[in-house]
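So the structure is just underneath, and the comments pick up after that.
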2 protein chains.
Amino acid sequence: MTRERLFLYDTTLRDGQQTQGVQFSTDEKRKIAGVLDALGVDYIEGGWPGANPTDSAFFEAVPATRARMTAFGMTKRAGRSAENDEVLASVLNAGTAAVCLVGKTHDFHVSTALGITLEENVENIARSLAHVGGQGREALFDAEHFFDGWKANPAYALECLKAASDAGARWIVLCDTNGGTLPHEVGRIVGQVIAAGIPGERLGIHTHDDTGNAVAASLAAVEAGVRQVQGTLNGLGERCGNANLTTLIPTLLLKAPFAGRFETGVTPEALAGLTRASRLLDDILNRVPLKSAPYVGGSAFAHKAGLHASAILKDPSTYEHVRPETVGNTRIIPMSNQAGQSNLRRRLAEAGIEVDKDDPRLSTILEEVKAREAAGYAYDTAQASFELAARRVLGRIPRFFEVKRYRVTVERRKNKYDRMVTLSEAVVVVKVAGEKKLSVSESLDAEGNDRGPVNALSRALAKDLGPYQAYIDDMRLVDFKVRITDGGTEAVTRVIIDSADRSGRRWSTVGVSANIVDASFEALLDAVTWKLIRDGAPIHDA
Amino acid sequence: MTRERLFLYDTTLRDGQQTQGVQFSTDEKRKIAGVLDALGVDYIEGGWPGANPTDSAFFEAVPATRARMTAFGMTKRAGRSAENDEVLASVLNAGTAAVCLVGKTHDFHVSTALGITLEENVENIARSLAHVGGQGREALFDAEHFFDGWKANPAYALECLKAASDAGARWIVLCDTNGGTLPHEVGRIVGQVIAAGIPGERLGIHTHDDTGNAVAASLAAVEAGVRQVQGTLNGLGERCGNANLTTLIPTLLLKAPFAGRFETGVTPEALAGLTRASRLLDDILNRVPLKSAPYVGGSAFAHKAGLHASAILKDPSTYEHVRPETVGNTRIIPMSNQAGQSNLRRRLAEAGIEVDKDDPRLSTILEEVKAREAAGYAYDTAQASFELAARRVLGRIPRFFEVKRYRVTVERRKNKYDRMVTLSEAVVVVKVAGEKKLSVSESLDAEGNDRGPVNALSRALAKDLGPYQAYIDDMRLVDFKVRITDGGTEAVTRVIIDSADRSGRRWSTVGVSANIVDASFEALLDAVTWKLIRDGAPIHDA
């Protein structure tokens, strides 16, 4: 049986940007586009060129993607031609292969929000979409408030869709903009639109989660015939978010009646990278991953109930509707650390640490890691620190040097020109190869501006490590993430530091403390120690 | 038209307890029962008496509730009578008005997980439910894995339901235990069960969110005829959680085709307490409320997109599917670089700052906000700092005091017991009412542990502000968030501080700098200044 093509349209970079608290930088947008492209979506909506400096900068140097890069904008305004609408011109000037224009289809909005006649609105839609097609671009019409519009005035809503369709739009996207339409209504109305003459192969669905039904409504629309599904990674988006593609993709690929019915751009290998993609997005945005997220959440395959856990050991299909590895997630059985131990051995082997299958220290490492995670450490990302934690239990960690003490001072006061300036200074005292070394550093960048206490500390620590200096001279601190997290009884600060060296190698370390300076120093120390081990530095008595 | 009775069954205290990371104390269970009872659910499933010490203690002193308190347990085991099964006896001994017993209905589980014959299982169900009824209790049968069971062997699954029904169970609850059944299948199968002779008035639905469809599947079941809906507050529960009652209740009461069709125990007044109930649960469990939660989330009625915000100002129904006040939530029009002047004026008016519609300073404020957001500030959360930024442009900000300088020191060294300890100390120098004041603070909590440089700074700043001291004495720092973000050309640190005072008021401020200490100090200063303005502190020349 030939499989029908189902298209996935991602709007993380546009509608996802409307999430409260989310503010992408241009660089973050580029990184996210890369994540989406690797996942295999068909369209990446990059933003609205001209609407804000970040989006404009993104489209000035659009990353090359396999997916069709799409610029978002709105249909031309009344009283001017499509050619002379400068808002529309900015969108087209971005030069993307596809252009999606939002327009009204609900009569109430045309009069209330736009304040123009119903005819003018239809004309704006037709002219704008024709203009996009005339420029050789793939045109998409985003029918805002379509479901409410259809409920209020189906003839007019349909007239708007037909205007876009007749003007050559490749896709007509039915939007439930305020998220208020329930799934069975979405399914019914999509059926009626198809019956009215717009084929499902030209229809898309765009839903929001205001009743917790964005995913179900999208599935109902696919059941009814639409062949483009819009959404965002991790369900980012305005108010309660958009339809969550991280949930929809595995459902469409793995679950009856959808599994096997459609061809999409997502390969089984890409699907197995879904959990990683979801975490990567959270990482870029410095958000805490939602544990209960379907398929990709840290709890999605965690079997806490005793009855469940014992049945899972007999046969995982007893309590799992899909296999966790198909989406790159892992099963967690808190009751038994059987599964945990084989996992751990694999991770250690990856780091070049071989441990015997029956070594009792395996369970000691597991307990240590669990205890530290409960205290706020995060070893999922900080691989290098995980490795060091395991080595400590195994007694395979050399003591290259000893930190005797350190002190950081941040002082803000007036300079001689009567301007307030800040200066950070750090002193680190280490004992290395029998010798005590005091190092002091300020924190000033090339322009003479202060870069803060952690920077000063990092410089002082790496300033003079005696015989080890040659090993760490090419180390750079490339990223620094801070999060306030739960440390058991009190809030603590977790610092994750990414380091790199000339060889292009990157590694991550973690530190946790109520004091951000201490947490940072712990992560810095781990970063140095990891590199000394990896590069086989000799041991001198501290 | 007579409205049909729809029953709400809450399992927060039983299935919600299976949430990874959630561990109720007996006292917490009592508090949550109170929240549920005030909301107006019909049944509160309190736990499994005998399964663990917490649940047993809860049932030893069950709180008095209007809702029917229900004990959960499992059908008797094979090879003994219902009267002689001590697990079942513990459940009945709790003395609750209602008892819900889980049993298998999926043939595969009967053989694989229980290892008994299909007939024995049917017998266990019948005898157990009859025993509950014989004790004068309301009996409920929780049909585990029912949907998978029906798909595999409908005749057997139905036989199990009928056994419970014939034994006098008031309710037969159809469970999608592994969360894998999609809404349309749930609707179809419920219809088939009703057609096979078990009336909808005796059927309940219990779903899980493993495909993000728990709410939709519950609604599909209600559409198909079930008259009891099970779920948890905030969607707590095993793996991805149970059907979220916080979402289902307003949908059933406010949204077509359900609104007005059913009588439930939830009054409009209780519904208006829904957001508070949701936050209260998070508060009891020390969880961060999910901003994107439907109806009750902090972002559920936040309109960030500029186009949306301006339409909302004309008519809220343009972008809101229900009115926020019906569920006790509030509309938020955050500031962001997407927002326009109309939304700005509205924000200012809410803060008591009236600005004329044609005042040219409106666009100056907007540009200032945009420029600061490009530099790393985030005003959609930090409303108090936004307000101060606007006041600065408008020249409506008093200078209560002047910070002359400050210094923070973090020192880590050995104490007299040869243990490494950290001490943070801050000195702040201000000029207030013509007087220079030097304040110094350490940062130690009740146990004598260091809480870091920001804590020390906050204490020193709030130690002696002369005539303003009385205004800020009741201020507390309640949350502190840090992220590294893009500050234009370089990475900067953004700090957001939440403050509160005795009146219960909470406000958020933001600071940005390459130096985390400076960023924190900026946010702290804003927090103090905002409170002085709001509380009408008099101005003394700095």
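Read-outs: derived from the displayed coordinates by stated rules, not from any lab. Please read these numbers as outputs of a predicted model, since none were measured by experiment. Counting neighbours? That spans all protein chains shown, and the Cβs are built from the backbone with ideal geometry, glycine included.
Within straight-line reach of B:K357, meaning a Cα separation under 26 Å, sit the following lysines at least 8 residues removed in sequence or on another chain: B:K304, B:K314, B:K370.
Number of Lys pairs in the stretch B:401-534 with C-alpha atoms less than 18 angstrom apart, excluding same-chain neighbours closer than eight positions? Qualifying lysine pairs in the stretch B:401-534: 8. For chain A, what relative contact order do you get, as a whole percent, if you take Cα pairs closer than 8 Å and at least 6 residues apart? Relative contact order comes out at 9 percent. Shortest first, A:R502 label-point distances to identical copies amount to 6.4 nm, with the label point at 7 Å from Cα along Cα→Cβ.
By the count of neighbouring beta-carbon atoms within 10 Å, fewest first, A:Y471, A:Y9 end up ordered A:Y471, A:Y9.
Taking a straight Cα-Cα cut-off under 25 Å and skipping sequence neighbours fewer than 8 places away in the same chain, the lysines within cross-link reach of A:K162 are A:K76, A:K104, A:K151. Legend: ranking of residues A:L118, A:L39 from fewest to most surrounding C-beta atoms inside 10 Å; resulting order A:L118, A:L39. Dipole check for the protein assembly as shown: with +1 at the C-beta of Lys and Arg, -1 at the C-beta of Asp and Glu, and the Cα centre as origin, the magnitude is about 2020 Debye. Sorted from nearest, the other copies put their B:D356 label points 8.8 nm away, the label point being 7 Å from Cα in the direction of Cβ. Taken residue by residue and averaged, Cβ atoms of other chains lying within 10 Å of the Cβ of A:177-188 number 5.
Net charge dipole, the stretch B:401-534: roughly 180 debye, given to the nearest 20, about the Cα centre with Cβ charges of +1 for Lys and Arg and -1 for Asp and Glu. In this assembly of identical copies, the label point of B:R279 (Cα plus 7 Å along Cα-to-Cβ) is separated from its counterparts by 3.3 nm, sorted shortest first. Its relative contact order, with pairs defined as Cα atoms under 8 Å and 6+ residues apart, puts the stretch B:391-495 at 18 percent.
Where only DSSP H runs of four or more residues are counted, chain A gives -11000 deg cm²/dmol as its mean residue ellipticity at 222 nm, each run worth -39500 (n - 2.57). Across peptide B:515-526, the mean count of Cβ atoms from other chains lying within 10 Å of each residue's own Cβ comes to 4. Look at the dipole of chain A built from charges on Cβ: of A:T381, A:G73, A:A61, the Cα furthest out on the positive end belongs to A:T381.
Qualifying trypsin sites (Lys or Arg not before Pro) in the stretch B:346-407, where qualification requires a DSSP coil assignment and no more than 16 other C-beta atoms within 10 Å, comprise B:K357, B:R396, B:R399. With a Förster radius of 56 Å applied to the C-beta separation of A:Q135 and B:Q192, the computed FRET efficiency comes to 0.55. Database remark: amide H of A:G241 closer than 5 angstrom to the amide H of A:D209 (H placed geometrically; neighbours at sequence offset of 5 or more, or on other chains; Pro and chain starts carry no H). The mean sequence distance of close C-alpha pairs (under 8 Å, at least 6 residues apart), as a share of the length of the stretch B:116-270, puts its relative contact order at 17 percent. When you filter the GluC sites (Glu not before Pro) in the stretch A:390-451 for DSSP loop state and at most 11 other Cβ atoms inside 10 Å of their Cβ, you are left with A:E447. Listed values for the stretch B:496-508 are Karplus-derived 3J(HN,Hα) couplings in whole Hz (6.51 cos²θ - 1.76 cosθ + 1.60, θ = phi - 60°), namely 10, 10, 9, 10, 9, 10, 4, 6, x, 5, 10, 9, 10, and x replaces Gly and Pro. The order of the peptides B:327-333, A:132-138, B:225-231, B:14-20 by mean Cβ neighbours within 10 Å, most packed first, is B:225-231, B:14-20, B:327-333, A:132-138.
Across the stretch B:222-231, coupling constants 3J(HN,Hα) worked out from phi with the 6.51/-1.76/1.60 Karplus curve, θ = phi - 60°, read 5, 3, 7, x, 5, 10, 9, 10, 9, x Hz, and Gly and Pro carry x.
In terms of the mean number of neighbouring beta-carbon atoms within 10 Å, the peptides A:202-209, A:64-71 order highest first as A:202-209, A:64-71.
Neighbouring Cβ atoms from other chains, within 10 Å of the Cβ of residues in B:319-327, number 3 on average. Ranking of B:S218, B:S508 by neighbouring Cβ atoms within 10 Å, starting from the fewest: B:S508, B:S218.
Annotation for the stretch B:236-275: trypsin sites (Lys or Arg not before Pro) lying in DSSP loop with at most 16 further Cβ atoms inside 10 Å of their Cβ are B:R261.
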